[in-house]
Every structure is written in structure tokens, then in C-alpha cells.
Amino acid sequence: MRTCPGCEAVVTYGTPLVLIIVTLVATAWLGFHAHRFFYDSRPVVLLLAGIAAGGVLSLLYEAFDERVVFRKKRRPW
Ligand SMILES: [Zn+2]
């Protein structure tokens, strides 16, 4: 986390962390269920889950590439 040297606002940028978490959870869930279709081939499931997660995350990073959020710090006065 960074703060602006001028107004001390908290600056966040890039992909929102919650979307990354949602992506990882969704991919893990899909991988868990894909295991039924790829019976006894855990490496294949892990590979597919990894590819899916990597693809979605790279899309997210591209979509939020120029996102910057300033959250102003509340002054005590
Ligand atoms: Zn500032």
C-alpha cells in the first residue's frame, strides 16, 4: 500500500484484490469438480486449473491496468 506524499491519501492501483481471490476460489472449485471428469489424473486437473487461473488473471490485470484509486485520509481537524 502506498500513500500520496502531497495529501496523504491512500493510493491503491491495479486489480482489486477481491477479484483475484474470487478468481482463485472459482478456479479451485472448478478444478475440484473437474476431477470427476479426469478421474485419477490430478496433474491434468492442476494444469487446466492453472491455465484457467492464469488466463483470467492476465485478463483482469489488463482490464485494471490503468486503475488508480485515491482514498483520502480524514483530517483530525
Ligand atoms: Zn494526493
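When you go through GLU62, GLU66 one by one, which is the residue that is under 25 Å from GLY14 (Cα atoms) and assigned to a loop (DSSP other than H, G, I, E, B)?
Of GLU62, GLU66, the one residue that is under 25 Å from GLY14 (Cα atoms) and assigned to a loop (DSSP other than H, G, I, E, B) is GLU66.
Out of the stretch 2-55, which residues are closer than 15 Å to VAL68 by Cα and within 16 Å of the chain's Cα centre (by Cα)?
Once the filter is applied, which keeps residues that are closer than 15 Å to VAL68 by Cα and within 16 Å of the chain's Cα centre (by Cα), the stretch 2-55 yields THR12, TYR13, GLY14, THR15, PRO16, LEU17.
Output the residue which, of all residues in the stretch 1-30 that are part of a helix (DSSP H, G or I) and of a type in the set (Gly, Ala, Ser), is farthest from the ligand (Cβ to nearest atom).
ALA28
Name the residue that is farthest from LEU19 (Cα to Cα), counting only residues in the stretch 55-77 that are more than 16 Å from the ligand (Cβ to nearest atom) and exposed (fewer than 12 other Cβ atoms within 10 Å of the Cβ).
That would be TRP77.
Laboratory data are not the source of any read-out in this text; all were calculated from the coordinates shown. Fair warning: this is a prediction, and the values are worked out from it, not measured in the lab. Every residue, glycine as well, gets a Cβ built from its backbone with ideal geometry; the counts of neighbours run over all protein chains shown.
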